[in-house]
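Single-structure report; data block below.
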Amino acid sequence: MTTREKPNNLWVSRWGFILAATGSAVGLGNIWKFPYMTGEFGGGAFVLVYLACILAIGIPIMMVEIGYGRRGRGSPIDAIRRVARESGRSSGWSLLGWMAMLCGFMILSFYVVVAGWSVSYLWKAISGGLNADSVDGMAAIFGANNANPLNLGFWSTLVTVTTMLIVGKGVQDGIERNVRWMMPGMVIMLAIMIVYAMFSGGFGQALDFLFGFELGKLSGEGLLAAMGHAFFTLSLASGAILTYGSYLPDGSSIARTTFTVAVCDTLVALMAGLAIFPVIFANGMDPASGPGLIFMSLPLAFQQMPFGTLLEIIFFVMLTMAALTSAISMIEATVAWLNESKGISRVKASWGTGIVLWIVSTLAMLSFNVGADWTLAGKTFFDWLDYLTSRWMMPLGGLGMALLAGFVLRNEIFKAELGLSKAQHALWLFMIRYVSPLGIVVIFIDALGIMTLDMGAQWPWLLAALAVFVAIGEMLSPRLRRQLAG
Ligand code: PHE
């Protein structure tokens, strides 16, 4: 069955992959973005749509990416070119790999700034610098931390250097060795925080807030934010999962590992919600306070509670580790490409990439001080990096990868890679050919402002669109029909 390439690198075990991929998936997206987005978009309804997107779009596309990686055994550019060639298709499809690699690099350029906030807050918590008696006071601390570029730049540089040090050491000795202790450590710290939250007095309210599913409450914008976040949180279309998949040993089941990673990622996001919101509610604060939620409201809430400083320290250590295990995955694609295709040693490739990254991330960091008014269409450089990647590059890349796997490549490739039963394969084909692409197209329609979506009212139209998609697709290339007919 295998016409797979020979791998350059492999994880020591399937667990190495699961820990590394979960480390990639679990990051600032789970602990910083997910709670504040849930807060902003009103709680349970957002959570429900987000879960649906993970299932319908995220999981099928993650299987595709790991499949490309393992089949093509290389960086996104090389792996996609090889699978396309294997099916007798144009190597031009490797453009998808270029875009993914660029996307991972761009995300990391602003990610190190947020990770830098986390490390600087850890330092503040330890050194007693997180003292204020109101949200305004905390906002002032946050503002002061951002205002001096030398200060903020110091912390983001620290994150950049640490990331490149780990990546430079290689797949097994750098990445796998570090995720092996960081991931369990993170889960233990999160568990301590949840137990603490249970006794804070706000736990019941937090449960209601997170799981009180009321679809009517969700705006069209919340729906789209949930879809974009599903890509971001699973590290899709950014080279990370694909490159990690290229190190996956031959015998491991892609479906099983994908489910494990997606379930762990989702659990951590929900657990982060259960650690943060009880403390917020117990202190009568607003869950909808935006990106500053964990940097302003949360430290303030902790201060008013017993052992607050200790919990603050645990929280920021956990956040920093989560950020680091994601950061290394964003740059692995670039380093692997320089190493495998250009023959540059990993150490040199890491430092070279690190220098370019440092320059771009410094520009992103300046968005919070001297460059605050270097804006284009009202967005700073930092905002642009976030907006372009989450709103455009990830969904577009995901769409391309889904269509390539669903319509262009020989069906045998994914039959061999995924090794699913007949019915499971049919379900996967249905998702990858129709459901995931339609979901993504919906994001674009909204992002282009062509139409404002309102799921509550328009779902019958979406179902009709899906039926039309399936009819046209199966007329032009009756793959699913054949799979079902056996
Ligand atoms: N999934 C990471 C998070 O939730 C972010 C990420 C995006 C990591 C893209 C790798 C690639 O924080």
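The values are calculated or read from the model by the stated rules, or taken from the named source; none is laboratory data. The structure presented is a predicted model; accordingly, all values stated were derived computationally and were not measured. Ideal geometry is used to build each Cβ from the backbone, glycine not excepted, and the neighbour counts take in all protein chains shown.
Of note:
- Taking region 424-455 as the range and being among the hydrophobic types (A, V, I, L, M, F, W, C), assigned to a helix (DSSP H, G or I) and touching a residue at least 60 places away in the same chain (Cβ under 8 Å) as the test, the residues that pass are TRP428, MET431, ILE432, VAL435, ILE440, VAL442, ILE443, ALA447, MET455.
- Condition met for SER252 (at pLDDT below 95 and of a type in the set (Ser, Thr, Tyr)): yes
Okay, residues lined up against (1) crowded, with 22+ Cβ neighbours inside 10 Å; (2) among the charged types (D, E, K, R); (3) outside any helix (DSSP H, G or I):
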position: PHE281; (1), (2), (3): yes, no, no
position: PRO291; (1), (2), (3): no, no, no
position: MET296; (1), (2), (3): yes, no, no
position: PRO299; (1), (2), (3): yes, no, no
position: ILE313; (1), (2), (3): no, no, no
position: LEU319; (1), (2), (3): yes, no, no
position: LEU338; (1), (2), (3): no, no, no
position: ILE344; (1), (2), (3): no, no, yes
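- Test: residue in region 60-69 that is of a type outside the set (Asp, Glu), in contact (Cβ under 8 Å) with a residue 60 or more places away in the chain, out of contact with any Gly (no Cβ under 8 Å at 6 or more places or on another chain) and under 18 Å from MET330 (Cβ atoms): yes
- Residue among PHE34, PHE46, PHE17 that alone is crowded, with 22+ Cβ neighbours inside 10 Å, touching a residue at least 24 places away in the same chain (Cβ under 8 Å), among the aromatic types (Phe, Trp, Tyr) and within 12 Å of LEU248 (Cα to Cα): PHE17
- Test: residue in region 321-334 that is surrounded by fewer than 19 Cβ atoms within 10 Å (Cβ to Cβ) and either among the aliphatic types (A, V, I, L, M) or in contact with a helix residue (DSSP H, G or I) (Cβ under 8 Å, 6 or more places away or on another chain) (or both): no
- Test: residue in region 226-244 that is over 29 Å from ASP446 (Cα atoms), within 15 Å of the ligand (Cβ to nearest atom) and not acidic (Asp, Glu): yes
- Criterion applied to SER118, SER91 was being within 29 Å of PHE295 (Cβ to Cβ) and more than 15 Å from the chain's Cα centre (by Cα), and the one residue passing it is SER118.
- Condition check for ILE472: part of a helix (DSSP H, G or I), β-branched (Val, Ile, Thr) and farther than 29 Å from GLY239 by Cβ: yes
- Within region 29-76, the set of residues being farther than 19 Å from PRO395 by Cα and of a type in the set (A, V, I, L, M) comprises ILE31, ALA45, VAL47, LEU48.
- Residue that is surrounded by the most Cβ atoms within 10 Å (Cβ to Cβ) [pool: residues in region 348-391 that are in a loop (DSSP other than H, G, I, E, B) and within 24 Å of the chain's Cα centre (by Cα)]: SER367
- Of the criteria (1) exposed (fewer than 14 other Cβ atoms within 10 Å of the Cβ); (2) under 24 Å from GLY92 (Cβ atoms); (3) at pLDDT below 90, which one ILE450 fails: (2)
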